Each structure stands twice: as C-alpha cells, then as structure tokens.
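Visitor: The following block contains the structure, expressed as structure tokens.
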Amino acid sequence: MELVFATQNRNKMEEIQALMPSNVKLLCLKDINCTEDIPETAETIDGNAILKAEYVKNKLGYDCFADDTGLMVDALDGEPGVYSARYAGEHKNDIANMEKLLTNMEGKKNRKARFKTVIALNLNEHEILFTGICTGTITTQPRGDQGFGYDPVFQPDGSNKTFAEMTLLEKSQLSHRSKAVRELIDYLAH
Ligand code: IMP
C-alpha cells in the first residue's frame with residue numbers, strides 16, 4: 001500500500017517509514033509533486049491535522065495522513081498551543097519562541113505543560129485521528145543541544161533530563177509524536 005505523509009520534511013518521513021509495516025510505502029509531498037504550502041489555519045491542533053490530510057485527499061486524491069503538534073502550558077492558559085511554531089512571529093524561529101516562552105513564564109510557580117500530537121489519517125473514505133500526549137514541566141533555563149523547537153526547556157515527567165539532553169532513542173520512548181505514530185502503525189498493521 002502507498003500512503004502519502006503530508007510533510008515536506010524528509011527526515012520526519014524517513015523516521016516514520018522505518019517504523020511502518022513492510023507493506024506500507026510512504027510518499028512525501030514532493031513525491032507526488034505537491035510543492036504548495038498547505039494551509040494550517042485551523043484554531044486547534046486536531047483541526048490543522050484534519051485540514052492538511054483533507055487537502056491532500058480532496059485536492060490531490062491520495063490516501064494520506066498528516067500530523068500537527070503543539071505545546072500547551074497550564075500557567076499561560078494553554079499557550080502557545082496551536083501557535084507553537086509561530087509563537088514569536090511568522091518567521092517560525094525556535095530560539096525566539098523559546099525565549100518568549102521563558103519570559104512569559106518568569107515568576108510562575110506552576111510550570112506544568114504538555115505536548116500534544118494529532119495524526120489525521122484519510123484512508124479508504126474513512127478519517128481517523130490518533131493522539132499522543134507527553135506531560136512535563138517548563139524549566140527555568142534551556143538545557144541540552146539535541147532536538148528542536150522547545151526541547152531544551154521541556155522536561156518530561158519521570159525524567160531529570162530535558163528532551164534536548166536525550167538521545168533520539170530516549171526521546172522517542174517518551175515523546176508525544178512517537179506515541180501518536182505508534183497508534184497509527186498499530187492501526188495500519190491490523
Ligand atoms: P509541527 O506541527 O510538528 O510542525 O510542530 C509545531 C511546532 O511545535 C514546532 O515548530 C515546534 O516549535 C513545536 N514542536 C513540535 N514537536 C516538538 C518536539 O518534539 N519538541 C519540541 N518542540 C516541538
């Protein structure tokens with residue numbers, strides 16, 4: 001079976017392909033000659049994943065899945081949430097986003113937060129959502145130089161390391177994204 005993963009990010013694609021059952025071949029947007037910027041204009045993470053998967057299914061006619069992720073911080077009423085990539089502006093800068101988050105968290109006692117990934121799958125005229133959540137806390141200083149995004153300031157529950165202090169393998173045992181991907185893979189394997 002061929003299945004489109006609605007991403008331009010080849011690293012993400014290869015990472016997920018390696019976990020897929022052997023009868024599933026993933027194609028990325030480039031493989032189907034889609035170079036358009038798919039709109040991410042929904043107001044929720046679920047909504048954006050659905051929007052991207054439906055765009056590929058309805059406009060381009062392929063079975064497909066799409067993911068969207070956000071960081072929800074309790075003391076900031078769930079911010080940055082669906083705006084995680086653009087928290088400090090449309091230029092989508094990881095360092096600026098992290099600095100804005102730490103500034104907004106100054107003096108806050110409650111540092112609880114969670115990452116949420118939603119994968120929307122459009123397959124054989126059905127749409128199914130898979131969700132992965134990772135709870136943790138926002139540190140007061142960045143720690144570590146691995147990973148991306150908010151990794152240096154997010155310490156998952158049960159660990160004394162931030163995501164940025166972990167190897168890819170350690171992070172993938174805990175992360176929101178791998179939990180959602182494992183659910184998707186279980187579904188496709190059965
Ligand atoms: P996306 O939906 O996977 O593109 O994620 C949106 C934004 O959430 C990214 O630009 C990052 O800022 C943040 N983000 C997503 N996943 C992670 C992660 O695993 N660690 C840190 N930040 C992440």
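Visitor: Tell me the residue from G89, G107, G78 that is in contact with a strand residue (DSSP E or B) (Cβ under 7 Å, 6 or more places away or on another chain) and in a loop (DSSP other than H, G, I, E, B), please.
Guide: It is G78.
Visitor: Go through the residues of the stretch 50-58 one by one and say whether even a single one is within 14 Å of the ligand (Cβ to nearest atom), part of a helix (DSSP H, G or I) and touching a Ser or Thr at 6+ places or on another chain (Cβ under 8 Å).
Guide: Within the stretch 50-58, one or more residues are within 14 Å of the ligand (Cβ to nearest atom), part of a helix (DSSP H, G or I) and touching a Ser or Thr at 6+ places or on another chain (Cβ under 8 Å).
Visitor: Looking only at the stretch 9-30, decide whether some residue is free of Cβ contacts under 8 Å to residues at least 60 places away in the same chain and of a type in the set (V, I, T).
Guide: Among the residues of the stretch 9-30, not one is free of Cβ contacts under 8 Å to residues at least 60 places away in the same chain and of a type in the set (V, I, T), which makes the answer no.
Visitor: Within the stretch 45-84, how many residues turn out to be in contact with a Lys or Arg (Cβ under 6 Å, 6 or more places away or on another chain) and open to solvent by 20 Å² or more (accessible area, probe 1.4 Å)?
Guide: Number of matching residues: 3.
Visitor: For A113, state whether it is more than 19 Å from K12 (Cα to Cα) and surrounded by 19 or more Cβ atoms within 10 Å (Cβ to Cβ).
Guide: Answer is yes for this residue.
Visitor: Give me the pairs: first residue in the stretch 165-179 and over 20 Å from D145 (Cβ atoms), second residue of a type in the set (K, R) and part of a helix (DSSP H, G or I), beta-carbon distance under 9 Å, and six or more apart or on different chains, which are they?
Guide: S178/K171
Visitor: Looking only at the stretch 137-152, filter to residues that are open to solvent by less than 50 Å² (accessible area, probe 1.4 Å) and under 28 Å from L51 (Cα atoms); which one of those is nearest to the ligand (Cβ to nearest atom)?
Guide: G149
Visitor: Okay, next question. Scan (1) touching a helix residue (DSSP H, G or I) at 6+ places or on another chain (Cβ under 8 Å); (2) small (G, A, S); (3) more than 14 Å from the ligand (Cβ to nearest atom) for the single condition A18 breaks and write down its number.
Guide: (1)
Visitor: What is the residue count in the stretch 68-87 for residues that are of a type in the set (F, W, Y) and in contact (Cβ under 8 Å) with a residue 24 or more places away in the chain?
Guide: 0
Visitor: For the stretch 21-42, which positions are open to solvent by less than 80 Å² (accessible area, probe 1.4 Å), closer than 18 Å to K57 by Cβ and touching a helix residue (DSSP H, G or I) at 6+ places or on another chain (Cβ under 8 Å)?
Guide: Scanning the stretch 21-42 gives V24, L26, C28, L29, I32, C34, I38, P39, E40, A42.
The values are calculated or read from the model by the stated rules, or taken from the named source; none is laboratory data. Everything numeric in this text was worked out from a predicted model, so none of it was measured. Backbone-built Cβ (ideal geometry, glycine too); neighbour counts: all protein chains shown. What goes into the accessible areas is simple: the full protein's heavy atoms, side chains included, and nothing from ligands, DNA or RNA. Shrake-Rupley method; radii C 1.70, N 1.55, O 1.52, S 1.80 Å.
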